[in-house]
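The structure appears right after this line, and notes come after that.
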Amino acid sequence: MALSLHRSTLGRCAVQRAQPARVRMQAPRPRVQPCRAIEIDFSDPDTQISLAGMVLGLVAGLGAPFWYINRAEKDEERLEELRALNRATFAETGEYMSEDEISKIRKPKWTDRREWQDDD
């Protein structure tokens, strides 16, 4: 057994015994195949259905909000035209258009029938 001198933190020499090298026994590692591209069989009906579902989900998920935004913008344009027509009618006749006349020109939406209340 070999002895070695080791200077401690206090500046004194300390005698340490050399530690024998430990041999670690490791289990043999299984060979891992490198990751390759996933093979997809497009002729399989399950794969076709899942791909169709993905495409329809993307179209509906992205298309529906754009469609609703477009409808809201078009409705706002129609409301402005209707307000201009109502002002012109009031300037000529002195009366505003009735609710029936307005509903014939523009069908009320479900948001028009809601009562907006602050329930805090």
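The values are calculated or read from the model by the stated rules, or taken from the named source; none is laboratory data. Small disclaimer: the values here were computed from a predicted structure and weren't measured. Virtual Cβ from ideal backbone geometry, glycine too; neighbours counted across all protein chains shown. All accessible areas refer to the heavy atoms of the entire protein, side chains included, with ligands and DNA or RNA removed. Shrake-Rupley method; radii C 1.70, N 1.55, O 1.52, S 1.80 Å.
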>> If Gln117 meets every condition in (1) assigned to a helix (DSSP H, G or I); (2) among the polar types (S, T, N, Q); (3) loosely packed, with under 11 Cβ neighbours inside 10 Å apart from one, which number is that one?
In response: (1)
> Which residue pairs have Cβ atoms under 7 Å apart, sit 6 or more places apart or on different chains, and have a first residue in the range 62-83 that is open to solvent by 90 Å² or more (accessible area, probe 1.4 Å) and a second that is modelled with pLDDT under 90?
Replying inline: Arg78/Arg106
>> When you scan the range 21-44, do you find a residue that is in a helix (DSSP H, G or I), of a type outside the set (Asp, Glu) and modelled with pLDDT of 85 or more, even just one?
In response: no
>> Step by step: first the residues of the range 87-104, then only those that are hydroxyl-bearing (Ser, Thr, Tyr) and not in a helix (DSSP H, G or I), then the one that is surrounded by the fewest Cβ atoms within 10 Å (Cβ to Cβ). Which residue is that?
In response: Ser98
